[in-house]
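Asks: Below are the C-alpha cells for one structure; questions will follow.
What follows is calculated from the coordinates using simple rules that are stated; it is not laboratory data. Please read all numbers here as calculations on a predicted model, not as lab measurements. Methodologically, a virtual Cβ is constructed for each residue, glycine included, from the backbone with ideal geometry; neighbour enumeration extends over all protein chains shown.
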Amino acid sequence: MNVLAIETHDLTKQFNGLTAVDHLDLAVRQGEIFGFLGPNGAGKTTTIRMLMDIIRPDSGRIHIFGQPLAPQTLDRIGYLPEERGLYRKIKTVDCLAYLAVLKGMPRRIARERALALLERVDLADSADKKVETMSRGMQQKAQFVATLVHDPELLILDEPFHGLDPLNTELLKEMVLELHEQGKTIIFSTHQMNQVEALCDRILLIDHGRAVLYGPLQEIKERYAPHAVQFRGEAIPADLPGAQRLEQQEEGIVAYLADGVTPPAFLRQLVESGAAITHYEVVTPPLEDIFIEVVERERQR
C-alpha cells in the first residue's frame, strides 16, 4: 500500500476569532512535487506551520508518512521557511552542519554534506565566511542547502526562488528535479505560477483557508481550457465555418471553435480544405489565469 507523505483531515485554525485554515483536507503522495498555492493571507503559511508542529491546530488531524505528527517525524522533513533563519554570526558551513546535527545526523557526515552541497550551489568559497557577509541571493542558496543537508525524505519549500537571479533559479530548479528523481516528496509553495507549471504534478489552491482547486495540474488546465485550438501552416482558407472567430498571434492562429465542433473535427476540416498544417494543439490557459479566475469567483460568492 502506498502511504501518503502528508494527510490532513478537517484541519482548522483560528486567530482571535478569524479563521486562517478552514476544515482543510489535504493528501500529498510520496514522491510527487505538490504545488501549494494561494493569494496572500490565504492560510498557506499557517498550514505549513501546523505541518511542522510550530503551531497546533484547533481541530483536525495531521498524519506524516502514515503516522500522527511526532517529534521524530520532523527529522524526516526539510523546511525552507518564507522567513529565513540562518545564524548570521557564524561560519556558513558550521551553521549548516549544526542544523543537520539537530536533525540527528552525525557531525562529521553533516559537515561533509554541507561542504558538498555548498559546492553544488557555487558557494564553496563562502563555506568559511560568516553568513552575514554573503549577499541576499547567496544567503538564499545557503538556506536552501540547510533544507537538504540532513537528507530529508520530505521537503517543504516556501518561495525557494525568492530573490534569486534567473541563473540561480535554474540551478535550484535543477536540484529540485534531481531530488524528485531520487524519490523525495516535495511541497512547493510560491506565487510564481510559471515555476509551478514547470515542476508540479498536482496542486492545491486555497483561499480564506479553504480548498478551492485541487487535483492533477494537467487535468485542471484542460478543465479550464477555452474551446480553442492553435495552429500554423500554409494555404489556410479564409472561411473556416467551424470557428466562431480567429486570432492571429505570434505563435500562430488561434481558432475559437463553434458549439459542437471538436478539435479533431476541426483539424479534419482544415486538412480537407487543402491547408498544409505544420503545428496543431489544443489551447490551455496559463495557470496564472486559472488562479485569478478561481480566486475572483470564490470571493464573489
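Asks: Can you tell me which of 268-280, 43-55, 148-160 comes out highest on packing, and rank the rest after it, using the mean Cβ neighbours within 10 Å? Walk me through the numbers before you get to the answer.
Replies: Values: 268-280: 13.6, 43-55: 20.1, 148-160: 21.7.
Most protected by this proxy first, the peptides run 148-160, 43-55, 268-280.
Asks: Using the Cα gyration tensor of segment 226-283, with a ≥ b ≥ c the square roots of its eigenvalues, what is the shape: rounded (a/c below 1.5), prolate (a/b larger than b/c) or oblate (neither)? If you can, show how the numbers build up before the last one.
Replies: Values: a/c = 1.44, a/b = 1.11, b/c = 1.30.
Here segment 226-283 falls in the rounded category.
Asks: Once label points are set 7 Å from the Cα along Cα→Cβ at both HIS227 and ALA276, what is their separation, rounded to one decimal in nm?
Replies: Here the answer is 3.3 nm between the modelled labels.
Asks: Compute the signed sum of charges (Lys and Arg +1, Asp and Glu -1) over the other residues within less than 12 Å, Cβ to Cβ, of TYR256.
Replies: Working: positive: ARG245; negative: GLU247, ASP259.
Result for the local shell: -1.
Asks: Given Cα pairs under 8 Å that are at least 6 residues apart, what percent is the relative contact order of the chain?
Replies: Relative contact order here is 20 percent.
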